[in-house]
Amino acid sequence: MPQNDEQYMRDLYDRFRADVMNNNNSEFYEEDELLDIYDFAQDEGDDMVLLYVLLAGARLYPDSKFLDERKAFFLSAVNDQSARAMFDRKGREESALWGVLDLSLKNYPDGNPEDGLTELLASGVRFSCEALIRLIDTLHELDRDDLIAENVHILEERTEFKELLYYEASEALIHNDRYISVARDLAEELTKNEPFNPDDWVQLAKAEFGMEHFDEAIVAADYALAIDPSHVHAQLMKGLALATSDDTRHEAIALLSDVLRVEPENSLAVKALAEAYRADGKKGAALEVYRGFMVSSEANSFVLLDILKMHPDDPVPFLELFSRQTGHTERKWLEMAAQLANEHELLGALDMLDYYHERYTLREGMEYYIRINYEASRYERVIELFDWCLEQSQAPEGIRYGFSPFCYLLVAGANLMTGNYRDAMEISDALIKQDPPITDLDDMMRWRGMKATLKYICELASNPDRISINAPRRDPVADMLPKEFFQGSWSHDDNGKLSDQ
């Protein structure tokens, strides 16, 4: 949201926050000042200051209707019934903000706000800044961007804050491919109404970039920089747009580097700069950008994924950073490895699991680890891990691993692919004779497919001369089982989460 005097708001907010931290209740604040502090704290996501503004308001201005509305919204995030009780009080003065609260309480999280919105707009109430922001946020959270786009022209007639309306609506719609052109038109309207506001030009640059109008995005960012040459977000948007072309990539690298000198934890700039270096053939520079971000920021999960997709010659230093900052909770590592595997980045997934198993020992994820090794054609490693698990099970205090029939099938296939024909036959024969109790139809069909594959493994193992020695060996498991077999109940789901089965 554009602000006319951001430094004033920041100073006021900082002073109030310092009073709270020092337990100083002697300072006096005008009602408008408390509203400014509340709105700024809301932008900052500072729930503590929000609460203390409401407490100060209750002490200094017990009859304030503006603070009363905000109190109800604050309560709605904690307890719907308490917010509803405030809404239902007798003598409450109607306002757009109360109407938005009613809309939210009736429809969140997955209701249909269409009729309620029509009724609210038809009531003729005027929309304050807060009411506009809350309404647009509510509709966006309810996944009804269509109602935002369709009703901007009506809201224009219900408010004196048209620029705020255009900005908030544009910001809500800018990531929706269906309505990004509307976001762009609203941002352009902003630049016409406030041509010397650099934030509006940045908003237009963002919309143009989202529509892949990269030249237009650069022009909009240049207008912002003409007004404020040090505007970091304008530099970022120009750098992002310049990075899309081979001819301007060096200029993009310089701009994005400047952004990171000012905002070293700007994750978008980090990713963009690293990608620009990678596209320029400077893999080492790209990895160094990521490494610097990992050192300075604890929010590094997505960075590690990007690093491993680049296949560094030595991933260990990055994994050590991740381990120090994130810990060694096995499920966290498994879920991230599954994200990589879902994107067909098996080597990256194995980098993570190799590191974890060597240092901390995989337990619940051992079967998954074996499967990923098999998919990556690391057949010797599959056998090595399986033998290690058997040794563990025979040791007095070793780990007891319980493997599914599918895991044993993979081990049989790995033995076949490495020429251990006797072991391949023994494992396959034992599984074929087992006939595990199965009641679920899907698992029954799985088992039939597995038995056919096991018989084929036995056939090849007993007649190895049928396997061509001149051409690459065909993998019987991959040949006979559909790909979904590798992504079923013994694997990860579509969201990268490990199944509990």
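The values are calculated or read from the model by the stated rules, or taken from the named source; none is laboratory data. Just so you know, these numbers come straight off a predicted model, no measurement behind them. Note that each Cβ is placed from the backbone with ideal geometry, even for glycine, and that neighbours are counted across all protein chains shown. The accessibility values were calculated without ligands, DNA or RNA, using every heavy atom of the protein model including side chains. Shrake-Rupley method; radii C 1.70, N 1.55, O 1.52, S 1.80 Å.
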remark   = Label model pair GLU397, LYS162: point-to-point distance (7 angstrom along the Cα→beta-carbon line) in nm is 7.7 nm
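Arrange the peptides 179-188, 146-155 so that the one whose residues have, on average, the most other Cβ atoms within 10 Å appears first. The partial results should precede the final answer.
Working: 179-188: 21.3, 146-155: 17.7.
Most protected by this proxy first, the peptides run 179-188, 146-155.
Listed highest first by mean packing, meaning other Cβ atoms within 10 Å per residue, what order do 359-367, 268-276, 15-23, 218-226 come in? Mind dumping the intermediate values first?
Numbers: 359-367: 16.2, 268-276: 23.0, 15-23: 14.0, 218-226: 20.9.
Packing proxy ranking, top to bottom: 268-276, 218-226, 359-367, 15-23.
Expressed in nm to one decimal, what extension gain is obtained for the pair ASP387 and TYR61 from 0.36 nm per residue of sequence separation less their Cα-Cα distance?
Numbers: separation 326, 0.36 × 326 = 117.36 nm, distance 7.37 nm.
Stretched out fully, the ASP387 to TYR61 stretch lengthens by 110.0 nm.
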task = Place the peptides 244-250, 446-452 in order of packing, highest mean first, counting for every residue the other Cβ atoms within 10 Å and averaging per peptide.
result = 446-452, 244-250
key: Charge dipole of the chain about the Cα centre (unit charges at C-beta), most positive-ward option of TYR29, PHE318, LEU255   = PHE318
query = In the chain, carbon and sulfur make up what percent of the accessible area (probe 1.4 Å)?
reply = 47 percent
task = For LYS238, list the lysines whose Cα falls under 24 Å from its own Cα; do not include residues on the same chain fewer than 8 positions away.
result = LYS192, LYS206, LYS271, LYS282, LYS283
ask   = Calculated from DSSP H runs of 4 or more alone, at -39500 (n - 2.57) each and per residue, what is the 222 nm mean residue ellipticity of the chain, nearest 500?
value = -21500 deg cm²/dmol
message = Using a probe radius of 1.4 Å on heavy atoms only, what accessible surface per residue do you get for the chain? Whole Å² is fine.
response = 52 Å²
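From the Cα gyration tensor of segment 169-311, with a ≥ b ≥ c the square roots of its eigenvalues, which class applies: rounded if a/c is under 1.5, or else prolate if a/b is larger than b/c, or else oblate? Provide the component values of the computation, followed by the final result.
Working: a/c = 1.95, a/b = 1.77, b/c = 1.10.
Since a/c reaches 1.5 and a/b is larger than b/c, the shape of segment 169-311 is classed as prolate.
Would you mind working out the magnitude of the charge dipole of the chain relative to its Cα centre, with +1 at each Lys and Arg C-beta and -1 at each Asp and Glu C-beta, to the nearest 20 Debye?
On the way: 50 positive and 98 negative charges, 468 e Å.
Dipole size: approximately 2240 debye.
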ask   = Which entry is the computed log10 I(q)/I(0) by the Debye sum over Cα atoms at q = 0.06, 0.08 Å⁻¹ for this structure: [x] -0.35, -0.62; [y] -0.30, -0.54; [z] -0.45, -0.74?
value = [z]
